[in-house]
Amino acid sequence: MFGFAGKVVMITGAAGHLGRATAEAFRCVGAHLALVGRDRGHLEWAWPTAEGALFLGADLTNEIETQDTVEEAMSHYGRIDILANIAGGFTIGGPIHETSVKIWDNMMNTNARSAFLMSRAVLPHMRSQGSGKIINVAARAAREGRENMGAYCVSKAAVITLTKVLATENKGMGINANCILPDIIDTAENRAAMPTADFSKWVTPVALADVILFLASDAARSLHGVALPV
């Protein structure tokens, strides 16, 4: 198992299915947790057993709140070793010619802007310490351009490109940036929405968390800008 004792891991979307699985995986290998969500109270409710974790509530599409969240984590721990940008969302918007500007902007903000703002806020600290790992969550659909999902696909494609730019700009600073491309995640909500689907073909949050741990580990030290289908 990968060793993360003493490492500080900042996880956005920490109250969601994948966020909780990822936080639990890092907790089990000794990492210190800075858990970020829109509502701090909901984070505390979702993590009653996360003793010692730092709970941070913020709107990650807001530049000031995002910066303040990172500074609070730095003040508390003194460093951030790993950033897992898991916060995001999905809205089906119909074909492009019927997609509203509201849906388009919501997807771009929720998925791409949040990852950009968090990465921008954390990177100066990682560059100063000479090390760091950034793992973003994109989507398989971003590479396929699926119908009736244009805003979502484009926003997640932006996350892939952001990851590659981060990797290129920071490779010489001891920082790795990579992303994962999950397809349908096996959650209760997705099962309810698609009751006739073959759930055995879906990827579980725990399995995705394992891949995130790998990308955050020293075993992935030579990976830069990878978009990994899971």
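Going from the fewest other Cβ atoms within 10 Å to the most, the residues 71, 24 appear in the order 71, 24. A Gaussian network model of the chain, with springs between Cα atoms under 10 Å, assigns the largest mean-square fluctuation among 176, 136, 109 to 109. Quick one: Cα centre-to-centre distance for segment 199-230 and segment 61-107, in angstrom? If we compute the Cα centre of each part, the gap is 20 Å.
Axis of helix 63-77 versus longest Cα principal axis of the chain: the two differ by about 40°, to the nearest ten degrees.
Sorted fewest first by neighbouring Cβ atoms within 10 angstrom, 153, 179, 28 come out as 28, 153, 179.
Rounded to the nearest 500 deg cm²/dmol, what is the calculated helix-only ellipticity per residue at 222 nm for the chain, with -39500 (n - 2.57) per DSSP H run of length n ≥ 4? Present the calculation step by step, with values, prior to reporting the outcome.
Working: 9 runs with 100 residues, N = 230.
Taken over the chain, the calculation gives -13000 deg cm²/dmol.
Provide, for segment 8-229, the number of lysine pairs with alpha carbons under 27 Å apart, each pair being eight or more places apart or on different chains.
On the way: 102/156; 133/156; 133/164; 133/171; 156/164; 156/171; 156/201.
Lysine pairs meeting both conditions in segment 8-229 amount to 7.
Each part reduced to its alpha carbon centroid, segment 6-44 and segment 146-196 end up 19 Å apart.
Among the GluC sites (Glu not before Pro) found in segment 130-230, those both in a DSSP coil and sparsely packed, with 13 or fewer other Cβ atoms within 10 Å of their Cβ, are 147. Counted by Cβ distance under 12 Å from residue 229, the other residues give a net charge of 0, where Lys and Arg count +1 and Asp and Glu count -1.
Coordinate-derived values only; no laboratory data. These numbers come from a predicted model, not from an experiment. Cβ: placed from backbone, ideal geometry, glycine included. Neighbour counts: every protein chain shown.
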